[in-house]
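Novice: Can you read through this structure? Questions will come right after.
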Amino acid sequence: MKLLFDENLSPKLAVNLSDIFPNSKHVDRLGLGGESDNAVWEYAKANGYVLISKDSDFYDKSVLFGYPPKVIWIRRGNCSNRTIELILRNKGDAIQAFNDDIELSFMQVL
């Protein structure tokens, strides 16, 4: 499983979490920084990414259109990149189970 980190998350997360989410990328590293949500959505869909964001727009799209791509919505206020990294590390097994479940299109992480 590979994650595509939205621009509202640090590019460092893709690197720091590569041991448990290999081949993950950040939109900036793919030339998608500043692109529309639709462009990011279509890229994730076409390239087999699970889209991860702190923005509710991708949650809304997942409700309307289902998946692919699957969406992980981080529902956390202001917090450090390290806090987000630790949350995702601690939820690694749950994220993998979410990815493997063919009936789920989005996951909320608190």
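Every read-out reported here was derived from the displayed coordinates using simple, explicitly stated rules and does not represent laboratory data. Quick caveat, the model's predicted, so the values are computed rather than measured. For neighbour counting, all protein chains shown are included, and Cβ atoms are generated from backbone atoms with ideal geometry for every residue, glycine included.
Novice: How would you order 72-78, 1-7 from highest to lowest mean count of nearby Cβ atoms within 10 Å?
Specialist: Result, highest mean first: 1-7, 72-78.
Novice: Follow-up. Quote the relative contact order of segment 3-109 in percent (integer), defining contacts as alpha-carbon pairs under 8 Å separated by 6+ residues.
Specialist: Once normalised by length, the contact order is 26 percent.
Novice: What spacing in nm lies between the two simple spin-label points modelled at ASP100 and LEU30, each 7 Å away from Cα in the Cβ direction?
Specialist: Placing both labels 7 Å along Cα→Cβ, they lie 2.4 nm apart.
Novice: Where the centroid of each part is defined by its Cα atoms, how far is segment 33-48 from segment 52-99 in Å?
Specialist: 15
Novice: On a full-extension model of 0.36 nm per residue, what is the gain between ARG89 and ASN47, subtracting their alpha-carbon distance, rounded to one decimal in nm?
Specialist: 12.8 nm
Novice: Right, next: Per-residue counts of other Cβ atoms within 10 Å, averaged by peptide: what ranking do you get for 44-51, 80-87, highest first?
Specialist: In descending order of packing, they fall as 44-51, 80-87.
Novice: For n ≥ 4 DSSP H runs only, could you compute -39500 (n - 2.57) per run for the chain, divide by its residues and tell me the 222 nm figure to the nearest 500?
Specialist: Helix contribution divided over all residues of the chain: -11500 deg cm²/dmol.
Novice: With the Cα gyration tensor of segment 3-109 giving a ≥ b ≥ c as the square roots of its eigenvalues, does the rule (a/c under 1.5 for rounded; else a/b larger than b/c for prolate; else oblate) give rounded, prolate or oblate?
Specialist: Here segment 3-109 falls in the rounded category.
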